[in-house]
Every structure is written in structure tokens, then in C-alpha cells.
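**Student:** Below are the C-alpha cells for one structure; questions will follow.
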Amino acid sequence: MRNFLRLACVVMATLMCTTSLWAQTSTLRFNNEKKFKIVQFTDIHWIYGNPDSDVAGVRMREVLDAERPDLVVFTGDLIFAKPAAKALDKALEPVVERGIPFAVTWGNHDDEQDMTRAELSAYISQKRGNLTSTTEGISGQTNYTLTVKSSVGDKTAAVVYVFDSNSYSPIERVKGYDWIKHDQVQWYINRSRAFTAANGGKPLPALAFFHIPLPEYREATQNQNIYMVGTRKEMACAPEVNTGLATAMLEAGDVKGVFVGHDHVNDYVVDWNGILLGYGRYTGGKTVYHDIPGGNGARVIELTEGSDAIHTWIRIAGGKIINEVHFPADAE
């Protein structure tokens with residue numbers, strides 16, 4: 001049965017990579033109040049059959065029922081042991097059972113089990129609400145964009161960029177984690193220019209999501225006078241190589257916030273040259289290190305149509321809200 005499932009995933013992944021079936025199929029839209037809400041779940045580290053994972057499911061359901069988001073983004077490390085398929089089923093279940101549109105980018109641990117990144121993407125491709133996609137011809141599996149339409153009409157009003165931050169350094173003398181490659185950065189530049197041109201030359205407000213933080217997360221926190229809100233209990237585990245994605249975003253002028261996971265005891269947001277660099281809140285249970293004050297939870301991000309501003313907060317156990325931020329107003 002396991003071999004059959006693996007073969008099916010390989011066949012599905014092959015078919016998907018040669019067609020356009022992974023395009024966005026569900027319309028995301030600002031509501032009548034011109035708001036669009038995203039819940040970010042990160043580092044669930046689900047181990048199938050391990051009761052220590054159950055607290056993640058409890059927290060996710062609690063957050064979803066309280067926030068009723070328009071989109072959920074999973075920023076990597078959803079699973080942490082074999083069987084990958086069954087662990088994925090449980091990690092995604094709270095969202096799938098509610099029919100909420102969701103997007104996934106893989107982390108460095110997801111494909112260490114018994115399925116590749118392509119197989120994982122193929123496996124979730126038929127789940128209700130799935131918007132996860134891929135872009136052929138560039139590094140990584142989960143590079144794609146999602147567009148958010150205006151509350152009235154069919155105009156694109158905001159963009160969500162999802163990147164695959166890959167896993168571990170492919171160069172022996174460079175230790176640590178992999179980096180977002182130059183071809184991914186160029187893909188972003190091209191997409192950003194196209195969206196800007198279609199919007200009459202004005203950059204569309206955008207957010208970016210991936211798993212491993214950029215080197216700029218370290219840089220920003222070295223400034224003693226910088227605006228920063230939240231918990232920072234470890235140095236950003238960023239790659240040693242910087243390929244210039246943050247600079248490309250700064251020059252393009254569209255991305256206002258970047259949100260990652262990876263570091264379980266960080267949930268801060270920090271201002272880097274007018275871009276809000278943020279962590280999600282560790283969502284998993286006791287399957288890995290997790291001693292962030294207040295326990296597991298989720299980040300919530302709210303956009304307002306026609307505005308570059310970001311309203312974000314953390315929701316933890318018991319529905320408690322902490323670390324509420326209005327950016328850039330609070331940083332001024």
C-alpha cells in the first residue's frame with residue numbers, strides 16, 4: 001500500500017509539473033469592510049500517532065474559530081516523522097475541514113520523511129481549499145503568487161508571494177541552511193514588475209511568506225534603536241549567503257511585510273528599512289523545542305484595501321491576543 005501511494009504521488013507530481021493545474025483556482029477577495037485576514041501557522045512538526053502533536057490541532061481550531069480568516073498560510077515544517085501523508089492529513093485537517101483557502105510552503109524538515117517536496121505538493125493538491133502551486137524552471141518547489149481581488153469588481157488589489165527557502169547549504173564549506181536562489185529572486189523581480197505595470201505603474205501592496213529567515217533578520221536586530229515587538233530568544237537561523245531578495249523587495253517597493261518560521265522561540269516583528277520582517281508564532285506541540293512564553297499559537301495579519309499598512313497580532317491559548325502592531329504607524 002505504501003509503495004502504491006508513493007507511486008501515485010510520483011505520477012501526480014509528474015502530471016502537475018507538465019500542466020497548468022496548479023494555478024490559483026479560488027478567488028481571494030477583500031470583504032465588504034475592505035479587510036483581508038491571513039492566519040499564519042508555522043512549525044507544526046506533526047508526528048502521526050504522537051499525542052504531543054494534539055495540542056497543535058487544538059490551538060489551530062481555536063485560532064480559526066476566533067479569527068475566521070480569508071486565507072491560511074503554512075510556513076513550513078508541517079511534519080516531523082513518517083508516515084508523511086498521514087501526518088500531513090492531521091496537520092492540515094483543522095483548515096481543510098472548515099473549507100478555508102490555504103497555501104503551503106515547505107520547510108527543511110518536511111521532505112526528510114518518506115516523500116519528496118514534489119510528492120508532498122502532489123499529495124495535498126486535491127485537498128479542499130488548497131492553493132499551493134509551483135513555478136517550473138526555477139529552484140525550489142513552492143514558489144508562486146496569490147492575488148487578492150478588490151471588494152468590488154475584479155481588480156487585483158494585493159499580492160501574496162510564496163517562496164521555497166529550500167533546506168540545507170549545498171556547498172560543503174558553507175555551513176548551515178540553504179538560501180533563496182538567484183533565479184527565485186529574478187522570478188520575484190519579473191512578477192513584481194508585471195504586477196506593477198498592470199496597475200498603471202504603481203506597486204501593489206504585497207506580503208511574502210517562506211520558512212527560513214533572511215540574513216536581514218539578523219541585521220535588523222543589531223540596531224539598538226530599531227522598532228521591534230515580540231519575543232526573541234534565539235539569533236535568527238538564517239543562511240550565511242545573501243542573494244539579495246530583501247534588497248530586490250526594497251527596490252520594487254511592493255512587499256510591505258515578510259513572514260517566516262523556523263526559529264521556534266522567536267515571534268517578533270522588526271522594521272528593516274520600511275519592510276516589516278516578522279516571525280509567525282510556533283504552532284506545534286511538544287514534539288520539538290518549544291519553550292516560547294505563553295505557549296503555541298498563530299500570527300494573524302490583516303490588510304486594508306487601498307492601504308500599504310499592516311495590522312498584525314499573535315493569538316495564543318485561551319484566545320488571548322498579544323503583540324498587536326500597526327505598521328508603519330507604530331514605528332514612526
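The values are calculated or read from the model by the stated rules, or taken from the named source; none is laboratory data. None of the values given here were measured: they were computed from a predicted structure. Note that we place each Cβ from the backbone using ideal geometry, even for glycine, and neighbour counts take in every protein chain shown. What goes into the accessible areas is simple: the full protein's heavy atoms, side chains included, and nothing from ligands, DNA or RNA. Shrake-Rupley method; radii C 1.70, N 1.55, O 1.52, S 1.80 Å.
**Student:** Given GLY153, GLY137, GLY99, which one is open to solvent by 10 Å² or more (accessible area, probe 1.4 Å), modelled with pLDDT under 95 and either not in a loop (DSSP other than H, G, I, E, B) or not aromatic (Phe, Trp, Tyr) (or both)? Before the answer, list the steps.
**Tutor:** Numbers: GLY137 fails: modelled with pLDDT under 95; GLY99 fails: modelled with pLDDT under 95.
The unique qualifying residue is GLY153.
**Student:** While we're looking at this one, here's another question. Could you pull out every one of the strands (runs of 3 or more DSSP E) wholly within the range 238-332 that has 2 or more residues that are small (Gly, Ala, Ser)? I'd like the intermediate steps shown before the answer.
**Tutor:** On the way: elements: 255-260, 269-272, 275-279, 297-304, 310-316, 321-327.
Ranges flagged: 297-304.
**Student:** For the list (1) in a loop (DSSP other than H, G, I, E, B); (2) crowded, with 16+ Cβ neighbours inside 10 Å, I need the number of the one condition that MET235 fails.
**Tutor:** (2)
**Student:** For the range 54-70, enumerate the residues that are surrounded by fewer than 20 Cβ atoms within 10 Å (Cβ to Cβ), touching a strand residue (DSSP E or B) at 6+ places or on another chain (Cβ under 9 Å) and closer than 14 Å to THR287 by Cβ.
**Tutor:** Residue satisfying the conditions is GLY57 alone.
**Student:** Counting only residues that are more than 26 Å from ALA309 (Cβ to Cβ) and of a type in the set (Asp, Glu), which one in the range 145-204 is nearest to the chain's Cα centre (by Cα)?
**Tutor:** Here the residue is ASP164.
**Student:** While we're on this one: In the range 215-230, what count of residues is obtained for those that are assigned to a helix (DSSP H, G or I) and among the hydroxyl-bearing types (Ser, Thr, Tyr)?
**Tutor:** 2
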